[in-house]
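Quick notes on the structure that follows.
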Amino acid sequence: MIEVAGLGKTVDNGGEPLTILQDISFSVMAGETVAIVGASGSGKSTLLGLLAGLDSPTAGDVRLDDVSLTALDEDQRANLRGRLLGFVFQSFQLLPSLNALENVMLPLELAGFSRSTAAAAEWLERVGLAHRLKHYPKHLSGGEQQRVALARAFAPNPQLVLADEPTGNLDAATGQQVIDLMFDLNAKQGTTLLLVTHDEAIAARCGRVLRIQSGRLAG
């Protein structure tokens with residue numbers, strides 16, 4: 001599902017080059033659950049952005065479902081994301097002008113689902129929010145917003161879900177509920193899951209752990 005070869009990212013830091021990632025290589029098979037862990041500033045989120053094609057590397061290549069991201073233009077990468085990927089962000093990233101139902105409907109409509117309203121409602125019921133369909137993000141708690149985000153990520157039946165610190169803005173109890181739900185949905189859907197986290201307990205629930213130290217894979 002994912003093949004990363006010699007991936008590197010360097011940015012300009014006030015006229016001086018700053019290397020964020022260097023010589024990252026690994027692969028993830030379909031159906032695997034993989035955690036990426038590391039200290040703050042180690043390059044975890046940058047790596048996730050490169051894997052999603054949201055940013056471009058300065059070295060190396062990423063292949064998703066055997067398609068090279070570096071060979072695609074921005075529109076083609078967006079189409080690939082729409083076909084393959086679901087996202088769960090630390091800050092939820094729900095559209096404030098859309099209610100819960102509409103936030104989940106959006107990727108379904110973009111993917112051409114004919115029953116987007118019914119499918120979105122079914123997914124919100126699965127995450128325990130059948131009573132919140134018409135509520136806007138500002139009227140939902142953090143845990144509820146992340147449940148909407150989970151429904152949005154899994155509803156289009158993606159082959160791969162990328163999660164960036166999904167409990168980072170939640171208290172411990174709510175975070176545990178969200179993580180339990182995410183792993184349950186992932187197991188039932190048979191999705192490949194790549195999870196960025198600083199929480200070792202969450203990482204331990206994945207089948208494999210990749211550790212980043214100072215922009216390199218450790219071990």
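Would you check if there is a residue in segment 187-207 being of a type in the set (Asp, Glu), part of a helix (DSSP H, G or I), surrounded by fewer than 21 Cβ atoms within 10 Å (Cβ to Cβ) and in contact (Cβ under 8 Å) with a residue 60 or more places away in the chain? Yes, segment 187-207 contains a residue that is of a type in the set (Asp, Glu), part of a helix (DSSP H, G or I), surrounded by fewer than 21 Cβ atoms within 10 Å (Cβ to Cβ) and in contact (Cβ under 8 Å) with a residue 60 or more places away in the chain.
Highlighted here are the helices (runs of 4 or more DSSP H) found entirely within segment 51-162 that include at least 2 residues which are more than 20 Å from Val196 (Cα to Cα): 74-84, 100-110, 116-126. Got at least one residue in segment 91-105 being more than 30 Å from Lys138 (Cα to Cα) and open to solvent by 40 Å² or more (accessible area, probe 1.4 Å)? The answer is no; no qualifying residue exists.
Is it true that Leu133 is surrounded by fewer than 19 Cβ atoms within 10 Å (Cβ to Cβ) and either under 18 Å from Gly82 (Cβ atoms) or acidic (Asp, Glu) (or both)? In short, no. Scanning segment 93-127 for residues that are on the phi > 0 side of the Ramachandran plot and touching a residue at least 24 places away in the same chain (Cβ under 8 Å) gives a single hit, Gln93. Within segment 149-167, at least one residue is under 14 Å from the mean Cα position of the chain (by Cα) and of a type in the set (Lys, Arg). Filtering segment 1-60 to residues that are among the acidic types (Asp, Glu) and open to solvent by less than 70 Å² (accessible area, probe 1.4 Å) leaves Glu32, Asp55.
The values are calculated or read from the model by the stated rules, or taken from the named source; none is laboratory data. The model shown is predicted, which means the values in this text are computed figures rather than measured ones. Heads up, the Cβs are rebuilt from the backbone with ideal geometry, glycines too, and the neighbour counts pull from every protein chain shown. Protein only, heavy atoms only, side chains kept; ligands, DNA and RNA dropped before computing areas. Shrake-Rupley method; radii C 1.70, N 1.55, O 1.52, S 1.80 Å.
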